Amino acid sequence: MEEDAPGTGTGTGTIVVPDHGLTHDDEIWKDDGDGDHTGWFCVSTDPFPCPADGCSFVARYMTAAHLILVWEERDDPNLLRHAGRAKQVKRNPRVVNFESNFGASVSYYAWEAAGRPVHGVRKA
């Protein structure tokens, strides 16, 4: 049950949040971890563009907020689920050992714990 501010006397209320059509975040999220995920696993894909309007970033790995998602175990169920989704959309996924020269990375679970931030979303 939602309540009005104390002293208003009405007992219930409604919050209205306008939909401004989010198209991108103001800043790209960065992981606070040490970032050295060499030897972990990631999903290599055919190149695909960032869906945010005006962004020229092209990913070659499964990413979130332009960071390569990495998993500690090759058979992690979430890695396999994401690779399966990439296969469904014809991105030709391949599980590979992550190397630091691929780019900046983030543990899938650290990204998830941070609320799954993204750089942008497609305009509807």
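Nothing in this text is a laboratory measurement; each read-out follows from the coordinates by a stated rule. Predicted model, so just to flag it, every value in this text is computed and none were measured. A quick note on method: Cβ atoms are made from the backbone with ideal geometry, for glycine too, and the neighbour counts reach across all protein chains shown.
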ask   = So what's the net charge close to Pro77: Lys and Arg +1, Asp and Glu -1, counting the other residues with Cβ under 14 Å from its Cβ?
value = -2
message = As a footprinting exposure proxy, order Phe57, Phe41 by other Cβ within 10 Å, with the fewest listed first.
response = Phe57, Phe41
inquiry  = Between region 64-124 and region 39-58, what is the separation of their alpha carbon centroids in Å?
reply    = 9
